[in-house]
Amino acid sequence: MVKLNVNLGKGLTLKNPVLTASGTFGFGEEYSPFIDLERLGGFIVKGTTLEAREGNPYPRMAETPSGMLNAVGLQNKGVDYFIEHIYPRIAGLDTEILVNVSGKSVEDYAETARRLSLLENIHAIELNISCPNVKQGGMAYGTTCDGASEVVSAVRQAWPRHLMVKLSPNVTSIKDIALAVEGAGADSISLINTLLGMAVDVERRRPYLSTITGGLSGPAVRPVAVRMVWQVAKAVKVPVVGLGGIVSGRDALEFIMAGASAIQVGTANFINPESTIKVLEEIEEFCERQGIKSLDEIRGII
Amino acid sequence: MAKVHQNFTITQKCELSAGYCLLHLKPASGKLPEGILPGQFVEILAPDNATMLRRPISIHFVDYNTDRISLLIRRVGNGTNAICDLPEGEALDIVLPLGNGFSEDFEAGATVILVGGGVGVAPLLYQASKLKDKGIRVKMVYGARTVDELVVAEAFKPYCELEITTDDASAGTPGRVTDSVCFREYLKEAAMVQCCGPGPMMKAVAAACKAHGVACEVSLENMMACGLGACLCCVEKTVKGNVCVCTEGPVFNIEKLTW
Ligand SMILES: Cc1cc2nc3c(=O)[nH]c(=O)nc-3n(C[C@H](O)[C@H](O)[C@H](O)COP(=O)(O)OP(=O)(O)OC[C@H]3O[C@@H](n4cnc5c(N)ncnc54)[C@H](O)[C@@H]3O)c2cc1C
Ligand SMILES: Cc1cc2nc3c(=O)[nH]c(=O)nc-3n(C[C@H](O)[C@H](O)[C@H](O)COP(=O)(O)O)c2cc1C
Ligand code: FES
């Protein structure tokens, strides 16, 4: 049997490297008719903000070649609703539950993290730094080293447990941003968030999304994601969590060989609600076939 | 009524006019999930990776005696074409049953009007049969652009009084469903109108119901990615804010919408 458990440091240990990507797995419950959630290394819930948000107007999605564009815009009921209504329903599960945190100001991020720190069974949060910084004219925090380290430092003060920081791929040098968030106190780094994209309905002569542009995900982005994970894993000392277009065990193994300690399954959940378990079983089969006893043997070999 | 993911074999396929296709399916497991409601839908994975995402399709009819369901699909793009091109005997990968359903609880002897436009009649057949079983009088207005699109009119006849309208006057009453005198007569005695069709048609029906003080449910067809309430892509603006059509719908009472 291959040893699949992963220690991401600072109190976050996963029974296996398979996590789910925020915004693609609801609060886990949506998938419990199809899979045993406790088989997962963990799951990351929908982006949560200090106050409730309505998100963007419909239409919010369009299918593109081997991928999709979305413009959900962080619709959620706010952190207090999560704490009161959702957490009690899922907290007892024997798997790691990470909350994905978003904000429109540094103070928002920090306050959301502080409120979540009261929840005993949340051992880690994932910071989504792809959100627009309202003070900086709406440019995303995660697109400059200063913006990224400012928000990570502030949350570091408010959140004592494991802090995973999720990077935006819409930058010139992913390595520089990764080094900045590591310097500001991140315990691990996940990437990639969606790539900025656009599609036009030529018959109707208008964009498919109400917001014109949106985030591209799915197999189409995988080679970009693998490349970025490889660049970041080479540059930082903290563990890296890879995602972007993972549908199969082989896809996950690409990220692991490129240096990822764990992976997340996102858009694939929409295609097949059992995708996470399929990825996990295919990783196991691969390791058995190749005589691999621990993922450490192949992690970052490239 | 747990959601399940399973393969269904195409037991019979009928190519109809105007690019419509009627599929009869039986679950590979032999048993249909219990308690499927009229108005619910399925998510089908198109074969051969024709599309990445699943396609939402209404449940047209359910027969628990033979454990079969049927779907009425109009070919409009890669996904619906790939699904309809599969020959009999092949299997489709399906998640079901999804969403809510139409209201079914009315006083015995009440009248319910069903209004379907084009492929929007799909979810109404099972509803018509359920209502009839419960002793409710069903009147149906079936609208289409042209006679070629009236593909399942015969199927409704055992369950209801049927009024047909076509935009081009090729069959039934010329004009739109809301123009029909019959529809306006039906409205006078209706406990509720239940409608599925193109957006402008549903809005016109909703407006007529409001004007006559008749309750109305519509079935929405927003674009979906997951069909499970996980992605929040399919939202409709309601009096309670944005809600997912795939879990809180597809059927909505018009009082909940901002139309
Ligand atoms: C709850 C629900 C129930 C439905 N029931 C049926 C049914 O019983 N029979 C049936 O034939 N169709 C039904 N539809 C519509 C069907 O899902 C779409 O026609 C289908 O997804 C188109 O896929 P495609 O790959 O063939 O076309 P695409 O290439 O994806 O699109 C072709 C055209 O169809 C339109 N379209 C795409 N997706 C949708 C959608 N979800 N709703 C409306 N238009 C869309 C696009 O705007 C485009 O103009 C239903 C939709 C929903 C949400
Ligand atoms: C519908 C949708 C909603 C998403 N919502 C969030 C979110 O709230 N927070 C976040 O950090 N990422 C969000 N993402 C990005 C995913 O978590 C992931 O980074 C991206 O989709 C790439 O992975 P994939 O190709 O496996 O889906 C969302 C993606 C999709 C498709
Ligand atoms: S389609 Fe994903 S929430 Fe409705």
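Quick check on chain B: helices-only [θ] at 222 nm, where DSSP H runs of length 4 and up contribute -39,500 (n - 2.57) each and the sum goes over total residues. Nearest 500, please.
Per the formula, -5000 deg cm²/dmol.
In the neighborhood of B:LEU232, defined by Cβ-to-Cβ distances under 15 Å, what is the net charge if each Lys or Arg adds +1 and each Asp or Glu adds -1?
That works out to +1.
Can you tell me the order of A:210-216, A:14-20 when each peptide is scored by its average per-residue count of other Cβ atoms within 10 angstrom, highest first?
Sorting A:210-216, A:14-20 by mean packing, highest first, produces A:14-20, A:210-216.
For region B:111-219, calculate the relative contact order in percent as a whole number, restricting contacts to Cα pairs under 8 Å that are 6 or more residues apart.
29 percent
Calculate the length of the line joining the C-alpha centroid of region A:228-285 to that of region B:92-148, in whole Å.
44 Å
Using a 1.4 Å probe on protein heavy atoms, which residues of region B:1-35 have at least 40 Å² less accessible area in the complex than alone?
With the partner chains in place, region B:1-35 has these residues losing at least 40 Å²: B:LYS3, B:HIS5.
Summarise the accessible area of chain B (1.4 Å probe, protein heavy atoms) by the percent that is carbon and sulfur.
For chain B, the apolar C and S fraction of the accessible surface comes to 49 percent.
Using the alpha-carbon centroid of each, what span in Å lies between region A:168-195 and region B:202-256?
Between the Cα centre of region A:168-195 and that of region B:202-256, the gap is 40 Å.
Quick test of the membrane-span-like rule: which DSSP H helices of chain A reach at least 15 Å along their long axis (C-alpha atoms) with mean Kyte hydropathy at least 0.0?
Once both thresholds are applied, what remains is A:145-158, A:222-235.
In chain A, carbon and sulfur make up what percent of the accessible area (probe 1.4 Å)?
52 percent
For B:LEU96, what is the net charge nearby, where nearby means another residue's Cβ is under 10 Å from its Cβ and Lys, Arg count +1, Asp, Glu -1?
0
If you average the sequence gap of Cα pairs under 8 Å that are 6 or more apart and divide by the length of chain B, what percent do you get for the contact order?
Relative contact order, chain B: 17 percent.
Kindly provide the helix-only [θ] at 222 nm of chain A, computed as the sum of -39,500 (n - 2.57) over DSSP H runs of four or more divided by all residues, to the nearest 500 deg cm²/dmol?
-8000 deg cm²/dmol
If you count, for every residue in B:242-251, the Cβ atoms of partner chains within 10 Å of its Cβ, what is the mean?
2
Would you work out the charge dipole size for the protein assembly as shown about its Cα centre, treating the Cβ of every Lys and Arg as +1 and the Cβ of every Asp and Glu as -1, and quote it to the nearest 20 debye?
With Lys and Arg at +1 and Asp and Glu at -1, about 860 debye.
With springs connecting C-alpha atoms under 10 Å apart, model chain A as a Gaussian network and identify which of A:ILE122, A:ILE189, A:ILE256 has the largest mean-square fluctuation.
Residue with maximal mean-square fluctuation among A:ILE122, A:ILE189, A:ILE256: A:ILE122.
What does the average come to when, for each residue of peptide A:270-276, you count the partner chain Cβ atoms lying within 10 Å of its Cβ?
5
Can you pull out the trypsin sites (Lys or Arg not before Pro) in region B:1-67 whose DSSP state is coil and whose Cβ has at most 12 other Cβ atoms within 10 Å?
Answer in residue order: B:LYS31.
Using the Cα centre of region B:171-229 as the reference point, and only Cβ charges (+1 on K/R, -1 on D/E), how large is the resulting charge dipole? Debye, rounded to the nearest 20.
Computed about the Cα centre, the dipole is about 140 debye.
I need the shape label for region A:6-297. Rule: rounded when a/c is under 1.5, else prolate if a/b > b/c, else oblate, with a, b, c from the alpha carbon gyration tensor.
rounded
Kindly rank A:85-94, B:209-218, A:23-32 from highest to lowest mean number of other beta carbons found within 10 Å of each residue.
In descending order of packing, they fall as A:23-32, B:209-218, A:85-94.
Specify the residue with the greatest mean-square fluctuation among B:ASN65, B:ASN78, B:ASN100, computed from a Gaussian network of chain B linking alpha-carbon atoms under 10 Å apart.
Among B:ASN65, B:ASN78, B:ASN100, the largest mean-square fluctuation in the Gaussian network model of chain B belongs to B:ASN65.
PRE reach from A:THR213 (point 7 Å along Cα→Cβ): which of region A:168-188 fall under 15 Å by backbone N?
A:168-172
Let me know the charge dipole size of region B:130-219 about its Cα centre in debye, to the nearest 20, where only the beta-carbon of Lys, Arg (+1) and Asp, Glu (-1) is charged.
Dipole size: approximately 400 debye.
In Å², nearest 100, what accessible area do chains B and A bury in total when the solvent probe is 1.4 Å?
Summed over both sides, the interface buries about 2300 Å².
How much net charge surrounds B:ALA144 when only other residues with a Cβ under 13 Å from its Cβ are counted (Lys, Arg +1; Asp, Glu -1)?
Charge balance near B:ALA144 sits at -2.
Please compute the per residue accessible area over the protein assembly as shown with all protein chains in place, 1.4 Å probe, rounded to a whole number of Å².
Value returned for the protein assembly as shown: 39 Å² of accessible area per residue.
Of A:ALA21, A:ALA199, A:ALA148, which has the largest mean-square fluctuation in a 10 Å C-alpha GNM of chain A?
Of the options given, A:ALA199 has the highest mean-square fluctuation.
So what is the relative contact order of chain A, in percent, for Cα pairs below 8 Å that sit 6 or more residues apart?
Relative contact order comes out at 20 percent.
The values are calculated or read from the model by the stated rules, or taken from the named source; none is laboratory data. Fair warning: this is a prediction, and the values are worked out from it, not measured in the lab. Neighbour counts are summed over all protein chains in view; Cβ atoms, including those assigned to glycine, are modelled from backbone coordinates with ideal geometry. These accessible areas exclude ligands, DNA and RNA; they are computed on the full protein's heavy atoms, side chains included. Shrake-Rupley method; radii C 1.70, N 1.55, O 1.52, S 1.80 Å.
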